[in-house]
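Here's the structure we're looking at; comments come further down.
What follows draws every value from the coordinates through simple rules; no lab data is involved. Only a predicted model underlies this, so the values are computations on that prediction, with no experimental measurement involved. Glycine gets a Cβ as well: all are built from the backbone with ideal geometry, and neighbour counts include every protein chain shown.
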């Protein structure tokens, strides 16, 4: 039998500067972990909320978020950084992949 996967969705709004222009978007972040009968969904959601979402929601990603300050803001770079943060913070859950949807029109995903 294949591994079962569990995906939790989170919503946040954020902005970033690109040259002299400021861009703001509404995002959906899907966090997929390998399912286990021992998975505590509430604890997983709390870890994701406090380690990532609370730090990026309603913020300028390039100015206000320490772990993004020297990174060019793009969907791809956000996924790379978010993956690193979450893989470390959600243990013992095992991160399988992420998707980042911007304004309901564009989706970029990672996965094993």
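Take 35, 76, 27 and order them by how many other Cβ atoms sit within 10 Å, fewest up front.
Going from sparsest to densest Cβ surroundings: 76, 35, 27.
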With Cα atoms, 0 to 90° folded angle of helix 75-89 axis to the chain main axis: 40 degrees
Cβ-based exposure ranking for 101, 21, 34, in which fewest neighbours within 10 Å come first: 21, 34, 101
Highest-fluctuation residue, 16, 99, 82 considered, GNM on the chain with Cα pairs under 10 Å: 16
The chain: relative contact order in percent, alpha carbon pairs under 8 Å with at least 6 residues between: 31 percent
Label-point gap, in nm, between residue 3 and residue 60 - each point 7 angstrom along Cα→Cβ: 4.0 nm
Residue 22 versus residue 46: modelled label distance in nm, points set 7 Å from Cα along the beta carbon direction: 3.5 nm
Candidate values (1) 57, 25, 23; (2) 36, 25, 25; (3) 51, 25, 20, label of the one derived for Cα extents along the principal axes in Å: (3)
Order of 13, 83 - criterion: other Cβ atoms within 10 Å of each residue's Cβ, fewest first: 13, 83
DSSP beta bridges in the chain [antiparallel fraction, %, rounded to 5]: 95 percent
Gyration tensor verdict on region 55-112 (Cα atoms; rounded if a/c is under 1.5, prolate if a/b is larger than b/c, oblate otherwise): oblate
